[in-house]
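The values are calculated or read from the model by the stated rules, or taken from the named source; none is laboratory data. As the structure is a prediction and not an experimental result, all values here were calculated from the model. Backbone-built Cβ (ideal geometry, glycine too); neighbour counts: all protein chains shown.
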């Protein structure tokens, strides 16, 4: 009977978007201590691509269902569940699950401890951006308690970058961003970036110094690597820190320690960052997400605009992700 199946997007081998197939699977039943969540919105993003092409360090076993965030409603509970009633609006983040992925599906069964309760003021499509705000809060905390005034966010139209800009601005910080096109510059401004400059790495330090009266930025967040990382270092203020949270263009080719010694008078720091650092720290990990939910519920940050696509079009969504052209959050609707 059709009633007892659900649709999901699955891959049995890794590769390009073509490996994603729409499948019918048995409707999962919640076991003891589990709840079943019926999806209303599913986030599509970078880690899903890494799962699809098999390069993710935290790869689930094949056949795998990608997807690391789902918002919806609890529609069934297993024996012994006390925390979440049927009808509760929730967010499921794969950061709370035993393995990554699993959310490109109409339903998911998870431990009742895993979901986050969503206040009525946060819509389902907005909720699937909360993982980026959780990440942004963690990134901004990575300099310990050094006071910051200015943060530099290259590639300011990206998902994590716009979340960073919004959280930083909610804390009264000035955000300098870079973007490569007028459309991206407008989108960055829409999402809290105070000044947007061109994305030429060679000119970056000079432009940042000009905007900060020669002082530089206190924090720089780089997800590209390569020459841009060195440009970020050269854009820092005394006691500043560059945070590398991805290296899409590979590591810098020049000697980073040598670069730091050349800038010795500034006492600079470097941190590499991964949200997986808090994988085993439940209180910290959940606390970061609860803070993100509170910020969004209070209207201090808002989800970037969503591009909606049917779950059945996950392949096309991944083609968009691979091209890197879309602005805002890609949201799959079951």
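Inside the range 100-141, can you point out the residues that are in contact with a strand residue (DSSP E or B) (Cβ under 9 Å, 6 or more places away or on another chain) and either surrounded by fewer than 17 Cβ atoms within 10 Å (Cβ to Cβ) or part of a strand (DSSP E or B) (or both)?
Across the range 100-141, the qualifying residues are 105, 107, 108, 109, 110, 111, 116, 117, 119, 120, 123.
Suppose we keep only residues that are out of contact with any helix residue (DSSP H, G or I) (no Cβ under 8 Å at 6 or more places or on another chain) and under 24 Å from residue 234 (Cα atoms) within the range 190-203. Which one would you say is modelled with the lowest pLDDT?
Checking each candidate, the answer is 199.
Could you list all residues from the range 1-50 that are surrounded by 15 or more Cβ atoms within 10 Å (Cβ to Cβ), touching a helix residue (DSSP H, G or I) at 6+ places or on another chain (Cβ under 9 Å) and free of Cβ contacts under 8 Å to residues at least 40 places away in the same chain?
Residue satisfying the conditions is 19 alone.
Restrict the check to the range 218-231 and report whether at least one residue is without any contact (Cβ under 8 Å) to a residue 40 or more places away in the chain, farther than 28 Å from residue 182 by Cβ and in a helix (DSSP H, G or I).
No.
Could you tell me which residue of the range 279-291 is nearest to residue 252 (Cα to Cα), considering only residues that are in a helix (DSSP H, G or I) and without any contact (Cβ under 8 Å) to a residue 24 or more places away in the chain?
Ranking the qualifying residues of the range 279-291, first place goes to 284.
In the range 228-236, is there at least one residue being in the same structural domain as residue 139 (by TED's automatic domain parsing) and surrounded by fewer than 20 Cβ atoms within 10 Å (Cβ to Cβ)?
Checking the range 228-236: not a single residue is in the same structural domain as residue 139 (by TED's automatic domain parsing) and surrounded by fewer than 20 Cβ atoms within 10 Å (Cβ to Cβ).
Looking only at the range 244-278, which residues are part of a loop (DSSP other than H, G, I, E, B), under 15 Å from the mean Cα position of the chain (by Cα) and more than 12 Å from residue 225 (Cα to Cα)?
Selection gives 273, 274.
All but one of (1) under 20 Å from residue 140 (Cβ atoms); (2) touching a helix residue (DSSP H, G or I) at 6+ places or on another chain (Cβ under 6 Å); (3) surrounded by 15 or more Cβ atoms within 10 Å (Cβ to Cβ) hold for residue 252; which doesn't?
(1)
Only residues that are more than 22 Å from residue 135 (Cα to Cα) and within 16 Å of the chain's Cα centre (by Cα): list them for the range 297-317, please.
None - no residue of the range 297-317 is more than 22 Å from residue 135 (Cα to Cα) and within 16 Å of the chain's Cα centre (by Cα), so the list stays empty.
Being in contact with a strand residue (DSSP E or B) (Cβ under 9 Å, 6 or more places away or on another chain) and assigned to a loop (DSSP other than H, G, I, E, B) is the filter here, so list the residues in the range 15-26 that pass it.
Residue satisfying the conditions is 20 alone.
I want to confirm something. Restricting to the range 27-53 and keeping residues that are modelled with pLDDT of 95 or more and part of a loop (DSSP other than H, G, I, E, B), which single residue is farthest from residue 114 (Cα to Cα)?
Filtering first and then ranking leaves 27.
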